[in-house]
1. With both bridge residues required to lie in the chain, what share of the DSSP beta bridges run antiparallel, to the nearest 5%?
2. Return the percentage of antiparallel bridges among DSSP beta bridges fully within the range 55-178, rounded to the nearest 5 %.
3. Mind running the shape call on the range 73-229? Use the C-alpha gyration tensor, a ≥ b ≥ c as the square roots of the eigenvalues: rounded below 1.5 for a/c, prolate if a/b tops b/c, oblate otherwise.
4. Helix by helix through the chain, keep the DSSP H runs that span 18 Å or more along the axis on Cα and average at least -1.0 on Kyte-Doolittle, and give those back in order.
5. Skip the ligands, DNA and RNA, and give the accessible area per residue of the chain with a 1.4 Å probe, whole Å².
6. Take every Cα pair under 8 Å in the chain that's 6+ residues apart, average their separations, divide by the length, and report that relative contact order as a whole percent.
7. Provide the FRET efficiency to the nearest 0.05 for the Ser34-Arg2 pair, computing r from the beta carbons and using R0 = 22 Å.
8. Label points 7 Å out from Cα along the Cβ direction at Asp181 and Leu47: separation in nm?
Amino acid sequence: MREDLIKLLRDLRKTISLYKEIDLIPPLSPETESFFKGETELEKAYLDSINNLDELRKYLNGCIKCKLHKNRKNIVFGEGNPNAELVFVGEAPGRKEDIEGRPFVGEAGRLFTRIIKAMGLERKDVYICNVVKCRPPRNRDPEPDEIKACFPFLEAQLRIISPKVICTLGRIAAQTLLGKDFKITKQRGNWYSYKDIPVMPTFHPAYLLRNPSEKKLVWEDMKKIMEKLGLNAGTNKNTQ
Ligand code: URA
């Protein structure tokens, strides 16, 4: 019954969107418009009631809440340990991520995977996701309306996983969780909090590809995370 309702909600949104795109329906009432954008109490209540990542992933399937759905090949929901103590939050999928439907699998992803290994962990030990789940055209920054539309899904992921530490990668992820005035260059490397979960903001791996000399700063930040989680580089068998 519950599954049927979710499917109905999703299909209805998709149909409205198609008709809107070809101007086949008159302007929607404000209530229907906000239903279409997923801003209703109904969606909020439903998301709040989800307590596993698979159900959340299903709900996201076919999402058309923002314009990024138009060019995406795949939604990049996130992957890793659903009980992870450490969640990494990136910005948005790039070209390779869009094709594979997995986060951080391109060039920046390879560097990022090496950082995780240097911490004595594997990708499957942690959880990896992004602020927006669909690729922005030409890898531009996600726009405020796109971040706003996708935020309830990140919020739900973090609530469900309930990690001990969140590490934000880059400016967009830090500003999304810590406020729009966050200055990544000045403020990274210090502890902040999101809903009582400690947050360590650090540079984005793509930035490190362009500025390799900054890698040592990111390693300092990773060491703070390892200390908080009681991890030792190279000796962790933390596969849960
Ligand atoms: N950059 C991101 O922020 N996320 C990805 O998944 C890939 C590159």
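1. Around 30 percent antiparallel, to the nearest 5.
2. Approximately 20 percent, going by the DSSP bridge assignments.
3. Here the range 73-229 falls in the rounded category.
4. 2-21, 144-161, 215-229
5. 52 Å²
6. Dividing the mean separation by the residue count of the chain yields 20 percent.
7. That pair, Ser34 with Arg2, gives E of 0.50.
8. So the label points at Asp181 and Leu47 sit 2.5 nm apart.
The values are calculated or read from the model by the stated rules, or taken from the named source; none is laboratory data. Keep in mind that this is a model prediction, so the values were computed, not measured. All Cβ positions, glycine included, derive from the backbone under ideal geometry; neighbour counts span all protein chains shown. Please note that ligands, DNA and RNA were not included when accessible areas were found on the heavy atoms of the full protein model with its side chains. Shrake-Rupley method; radii C 1.70, N 1.55, O 1.52, S 1.80 Å.
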